[in-house]
Structure formats: C-alpha cells, structure tokens
Amino acid sequence: MKIVVVSAGLSSPSSTRLLADRLAAATLAHVDAEPEVIELRDLATEIAQHFVTGFPPARLAAALDAVAAADGLIAVTPVFAASYSGLFKSFFDVIDKDALTGKPVLLGATGGTARHSLVTEHALRPLFTYLRALVLPTAVYAASEDWGEEGLAQRIARAGAELARFMAPAAHNTALSVDTAAAIAPRSLTGAITSVDPADGFEVVPFEQRLAALRVP
C-alpha cells in the first residue's frame, strides 16, 4: 500500500510539513505502507503553467499520478485569509475529477491562532467532499500554541489510526484493537445502542409498558 502526503507549506522548515510528517508517522504505526511526500511549493511554477497551457509538466504530472494511485492521502495546508492557501487549492483544481473518488483522506491545517481551528470543517471538508473523497472523521488543526501539547499528540494519533483503518478495513475488522473495541457502544437485543452490556443480562421492558407507566390515573 501507499500513502501520499501533500504539504502546502511555503517555508523551510515548515510547521505544515511538520504536521504532515507527524500524521504520516501516526498512520504508519498501524499499517505497512510506503510514504511519498509532495511539497507543493516545489511545484508552484508547474501548477501555474498547467493552468495556462492545459498540460501538466513532467514533475506535476508525476505528483498528480501519485495522488491518484495512493491508497490513502494526507493533505495539509497553512491557513491563509481564514481558508486553505491558494497553492493548495490550485493543486486540487488541476487534479483529475475522479482521482479522489472513494479515497480515504486525512485533513490537516496549521495557523498562528486557535481562532482558525474550524477551517478544516468549513473549507477543507467541503472541498474534498465535492471531489467525492472519503474524508475521515478526525481532522487535525495545529495552532502555534498547540505544539508540544498533549492534546495535539492525541488528535494526531487518533487521526492516524483512522486513516490506517480505512486503508486496510479487512485487517482491522477481523482484529479490532483494544482502543477501537472500547469505543464501540454495546447494543441491546433489538440492535439499539445502549450503555448496558447484553452479556451482563438485563430485562427488556416493552415500550408500550413504559408509556403506560406515564399515564395519569
């Protein structure tokens, strides 16, 4: 299997690339896959040329092919003007419209303040939903003050485990981890989610009987 990491960071070193690398490491802790990193700042000129000519230069074509062939995608952008960067959007504007269909995608973003923490929900998630990708439930936003905090590490670990699970669903369905199994709520005899484990034994009271108990004499 193969994981492709798309980083839209502009500086070197970049907090965006750092977050992307940590998300990749968290995923690879659960699944055996080959990672490939695509730095969009190295492809900025090629992306602009593609818009003008309609044909991708060789390096950009290779990057687009890598994303299309990936079993899982990690996409991370810095926040510009309360949204994803123009470079990030431009790359996914030139990708084939069917390249991400059904592909599990882990979203990440970095910014200078926690006030932009919802960018993953109001900007990134709709973009990848439009591209018909399978967007994972957990997206990771890292503000400047988050680095070194336990909360960020926990979100990264949870997101990486989710991507690994969707990349290799059969393996995870046959052997759920302890953490995953604990997160699944037990179900009643009728299939409804309940806080009571059926294995412990309990009496099922018919709904009509519960309603009758509420009637005023």
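Here are some notes:
- For region 137-152, residues that are more than 15 Å from the chain's Cα centre (by Cα) and either aliphatic (A, V, I, L, M) or part of a helix (DSSP H, G or I) (or both) total 6.
- Residue under evaluation residue 197, criteria (1) surrounded by 10 or more Cβ atoms within 10 Å (Cβ to Cβ); (2) touching a helix residue (DSSP H, G or I) at 6+ places or on another chain (Cβ under 9 Å); (3) modelled with pLDDT under 95, criterion not met: (2)
- If the condition is being among the hydrophobic types (A, V, I, L, M, F, W, C) and within 16 Å of the chain's Cα centre (by Cα), then region 7-17 contributes only 8.
- Note on region 7-17: residues that are in a helix (DSSP H, G or I) and free of Cβ contacts under 8 Å to residues at least 60 places away in the same chain total 1.
- For residue 25, the conditions (1) in a helix (DSSP H, G or I); (2) of a type in the set (Gly, Ala, Ser); (3) under 21 Å from residue 141 (Cβ atoms); (4) in contact with a strand residue (DSSP E or B) (Cβ under 8 Å, 6 or more places away or on another chain) are fulfilled apart from (4).
- Here 110, 120, 129 are screened, and the one residue that is in a strand (DSSP E or B), at pLDDT 90 or above and either in contact with a Cys (Cβ under 8 Å, 6 or more places away or on another chain) or not basic (Lys, Arg) (or both) is 110.
- Test: residue 55 is touching a helix residue (DSSP H, G or I) at 6+ places or on another chain (Cβ under 9 Å) and farther than 28 Å from residue 152 by Cβ: yes
- Subset of region 68-115 [among the β-branched types (Val, Ile, Thr) and open to solvent by 20 Å² or more (accessible area, probe 1.4 Å)]: 79, 94, 101, 113
- Tallying residues that are of a type in the set (Phe, Trp, Tyr) and free of Cβ contacts under 8 Å to residues at least 40 places away in the same chain within region 59-101 yields 2.
- Residue match in region 135-154 (condition: open to solvent by 60 Å² or more (accessible area, probe 1.4 Å), of a type outside the set (Lys, Arg), modelled with pLDDT under 60 and over 19 Å from residue 24 (Cβ atoms)): no
- Unique match (being over 16 Å from the mean Cα position of the chain (by Cα) and open to solvent by less than 20 Å² (accessible area, probe 1.4 Å)) among 60, 124: 60
- When restricted to residues that are closer than 27 Å to residue 164 by Cβ and either touching a Ser or Thr at 6+ places or on another chain (Cβ under 8 Å) or assigned to a strand (DSSP E or B) (or both), region 31-47 contains 8.
- Tally of residues being more than 14 Å from residue 72 (Cα to Cα) and not polar (S, T, N, Q) across region 88-107: 10
- Enumeration of residues in region 10-34 that are open to solvent by less than 50 Å² (accessible area, probe 1.4 Å) and more than 20 Å from residue 72 (Cβ to Cβ): 14
- The single condition among (1) closer than 22 Å to residue 166 by Cα; (2) within 18 Å of the chain's Cα centre (by Cα) that residue 98 does not satisfy is (2).
- Exactly one residue among 4, 52, 37 is among the β-branched types (Val, Ile, Thr) and either crowded, with 24+ Cβ neighbours inside 10 Å or touching a residue at least 40 places away in the same chain (Cβ under 8 Å) (or both), and that residue is 4.
The values are calculated or read from the model by the stated rules, or taken from the named source; none is laboratory data. It should be emphasised that the depicted structure is a prediction, and the values quoted were computed from it without experimental measurement. Virtual Cβ from ideal backbone geometry, glycine too; neighbours counted across all protein chains shown. Side chains are part of the model used for accessible areas, which takes the heavy atoms of the whole protein and leaves out ligands, DNA and RNA. Shrake-Rupley method; radii C 1.70, N 1.55, O 1.52, S 1.80 Å.
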